[in-house]
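Coordinate-derived values only; no laboratory data. Note that the coordinates shown come from a computational prediction; the quantities given were computed from them, not determined experimentally. For neighbour counting, all protein chains shown are included, and Cβ atoms are generated from backbone atoms with ideal geometry for every residue, glycine included.
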Amino acid sequence: MNDILSNDEKWGGSRRPERSFQTFRDFVNNNKLIDIGFEGIPWTWSNNWEEEKKIKERLDRVLCSRHWRRENGKAKCLYIENDASDHAILLFDTDSKGGKWKRRQRDTNAKKEIRELKQRLAEVQGDGYANKNRKVRVHKKELKEAYKREEVYWGQKARVRWLKEGDKNTNYFHASVVERRRRNNISSLKKGDGTWCESEHEIENEINGYFQDLFTSSNPQQIESILYDVPLVITDQMNEMLVRPVSEMKIRKAVFSLQPNKAPGPNDDTLIFCIANKEEGEKVMQLLKRYGDASGQVINAEKSSVFFSKNTRKERKAKILDILGGMKEAK
């Protein structure tokens, strides 16, 4: 396709406007394709210019259908830097044996049981057993329950909310699990000095070092200016209520309010209101930068959205989204 899906797949040069990715994104989504990911260097093309003018992009990728990904769950693609060309070498392996970080898998689903029940059912149906019909009904009932457990197993691992158990969605759940495992796998990581980790050991050390630095105070400056305009709304009485032991009734209420098979998560959303113009957009970016400098946290533009009023023109929307670091418009 000779294109990228977002500015996260581009290093160097000017940022592209978000609307320029829409055609390729629509192609991938409309055809229900899955990106199998990669290992090795994160780019596949470079203009090979001097360091300050160098541009690198992930122009090459392997896309597949959910069915193919389900049948080839271990397939992987390795990006290999190539000094003889401006494009990297793509080594596509459909029979990968996996890496050293592979987690121990336990056979907790009903796949083996389904296979054995099918075999037993075939034996009963093919031979002249006494009470044949009764045994067939028993095995069919057991097989139905096993299929149900198989679907629940993959549904829980897929964490898909909008499909209901019992709708024979096991194949979709399985494809979702394979794709989520691919997304959760860290095959390469950029270090703080700009170089890339080349082994699992380097990746492990880089992650450990990052979180050690993250949870160590950097003695932030000017934090008073951040807190100055934050009103004090927690009274002593309210604080006593917040720090007192949690009752069993509150725990029960919280647990039973959860969606089945799901776990609770923190809510760290923040809303910022402003006028849709260049000046206000730049002020928002300054505010987010000051917050990041004081807290050590970085705003993720890919997970941030912008709501516009209905009378905002498309040209103004695109300009503001670009100022805000490539945030997406909320639909």
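Near residue 306, the amide H atoms lying under 5 Å from its own belong to 328, 329, 330; only residues 5 or more places off or on other chains count, and H is placed 1.01 Å from N. Note on residue 149 and residue 32: with the Förster distance fixed at 25 Å, the Cβ-Cβ geometry gives a FRET efficiency of about 0.40.
Net charge of the neighbourhood of residue 213, taken over other residues with C-beta under 13 Å away and scored Lys/Arg +1, Asp/Glu -1, is 0. Of the chymotrypsin sites (Phe, Trp or Tyr not before Pro) found in segment 1-77, the ones in coil according to DSSP and having at most 11 other Cβ atoms within 10 Å of their Cβ are 49.
Measuring spread by the Cα atoms of segment 1-102 yields a radius of gyration and Dmax of 15.0, 44 Å. Taken one residue at a time, the phi angles of segment 38-43 give Karplus couplings (6.51, -1.76, 1.60, θ = phi - 60°) of 7, 10, x, 5, x, 10 Hz. Gly and Pro are set to x.
Report, in listed order, any pair from 190/278; 56/328; 74/132; 253/331; 10/74 with a Cα-Cα distance greater than 30 Å. Beyond 30 Å: 190/278; 74/132; 253/331. With the convex hull of the Cα atoms taken as the outline of segment 267-331, the averaged projected area works out to 4.6 nm².
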